[in-house]
Amino acid sequence: MDLQRKACERAEFKLSEEASGSFSGYASVFSIVDRAGEIVAPGAFTKSLEAFQSDGWIAVAHDWDALPVASIKDCRQDAKGLWVEAEFHSTPAAQATRTYVRERLQRGKSVGLSIGYFVHDSLSTKEGLLLKEIEVSEASIVTMPANPAAGAVRAKAVVGAAGLPLAPRDRAWDSGAVDKRVRRWADATDAANAKYARAFMVRDGDADLFTSYKLPFADVIDGELQAVPRALFAIAAALQGARG
């Protein structure tokens, strides 16, 4: 069971300036087909809600290597989705995040929330994959464009393989060395192929050109293609900056 992430495009993010600062909003909404073709079922968080409030945390762009920027004060499910209220920590990084959020909102930019979660029960439907039971571990502050594709506006195709096993969190990331290993693994000597493409998020150009593939996120480990957390964190940070 792999950790997954899902952004909420209807977060209704609200910021309070009292004390060290706090915010509230929807980390997930029910019954909406998202960009991944998935639907969170009403009540999907019921079994994990209490643990999420007591043990969960707020991060920035799902960076688990950094300290949390806020703690969860309250959370609940309502007819719309999973609503959370959180208080910023007093650490410099947390207060810098608070300032960043305030300035984005003042400038009319979007701020959203995204969840890190495990799926315990799901069902394939004609509308999409229905997530019936979700264990939510953390929520992250993210920026999101009005156009969901704005973070990769030049990409002709999204090509990254879904459902790859996750490499250890401390797995080092060297994109140059990784590319060589992926080429050998994919038997892509003279041109890129579908197997090679699985290690990248997007393609921007002809499918047979190595230079068309952007945002590498997977490495070959013990003969198996695995998603590398440090690469995913780097991509998330880059996209958040690009969307500002």
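Summary of values
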{"item": "Residues of the stretch 114-143 satisfying the condition of being in a loop (DSSP other than H, G, I, E, B) and more than 30 Å from THR99 (Cβ to Cβ)", "result": "THR125, LYS126, GLU127, GLY128"}
{"item": "Evaluation of ARG107 against (1) at pLDDT 85 or above; (2) over 20 Å from the mean Cα position of the chain (by Cα) (one fails), failing number", "result": "(1)"}
{"item": "Residue within the stretch 102-113 that is open to solvent by 70 Å² or more (accessible area, probe 1.4 Å), over 20 Å from LEU232 (Cβ atoms), part of a strand (DSSP E or B) and not hydrophobic (A, V, I, L, M, F, W, C) present", "result": "no"}
{"item": "Of the criteria (1) modelled with pLDDT under 85; (2) over 21 Å from PHE45 (Cα atoms); (3) hydrophobic (A, V, I, L, M, F, W, C), which one LEU113 fails", "result": "(2)"}
{"item": "Failed criterion for GLY25 (all others in (1) at pLDDT 85 or above; (2) open to solvent by 40 Å² or more (accessible area, probe 1.4 Å) hold)", "result": "(2)"}
{"item": "Those residues of the stretch 180-214 which are open to solvent by 20 Å² or more (accessible area, probe 1.4 Å), closer than 20 Å to PRO168 by Cβ and part of a helix (DSSP H, G or I), in sequence order", "result": "ARG181, TRP185"}
{"item": "Residue that is modelled with the highest pLDDT, among those in the stretch 215-234 that are open to solvent by less than 20 Å² (accessible area, probe 1.4 Å) and closer than 16 Å to PHE200 by Cβ", "result": "ASP219"}
{"item": "Residue match in the stretch 1-17 (condition: of a type in the set (Ser, Thr, Tyr) and either modelled with pLDDT of 85 or more or in contact with a helix residue (DSSP H, G or I) (Cβ under 7 Å, 6 or more places away or on another chain) (or both))", "result": "no"}
{"item": "Filter result for ALA44 (of a type in the set (A, V, I, L, M) and open to solvent by 50 Å² or more (accessible area, probe 1.4 Å))", "result": "no"}
{"item": "Filtered residues of the stretch 52-98 (kept if without any contact (Cβ under 8 Å) to a residue 60 or more places away in the chain, of a type outside the set (Asp, Glu), surrounded by fewer than 19 Cβ atoms within 10 Å (Cβ to Cβ) and assigned to a helix (DSSP H, G or I))", "result": "GLN53, SER54, PRO92, ALA93, ALA96"}
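The rows are residues; the columns are (1) at positive phi; (2) modelled with pLDDT of 90 or more; (3) not charged (D, E, K, R).
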position: VAL119; (1), (2), (3): no, no, yes
position: THR125; (1), (2), (3): no, no, yes
position: VAL136; (1), (2), (3): no, no, yes
position: MET144; (1), (2), (3): no, no, yes
position: ALA150; (1), (2), (3): no, no, yes
position: GLY163; (1), (2), (3): yes, no, yes
position: SER175; (1), (2), (3): no, no, yes
position: ARG181; (1), (2), (3): no, yes, no
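The values are calculated or read from the model by the stated rules, or taken from the named source; none is laboratory data. In this text the structure is predicted, and so the values were computed from the model without any measurement. Positions of Cβ are generated from backbone atoms using ideal geometry, with glycine treated the same way; all protein chains shown enter the neighbour counts. Remember, those area values only see protein heavy atoms, side chains included, never the ligands or the DNA or RNA. Shrake-Rupley method; radii C 1.70, N 1.55, O 1.52, S 1.80 Å.
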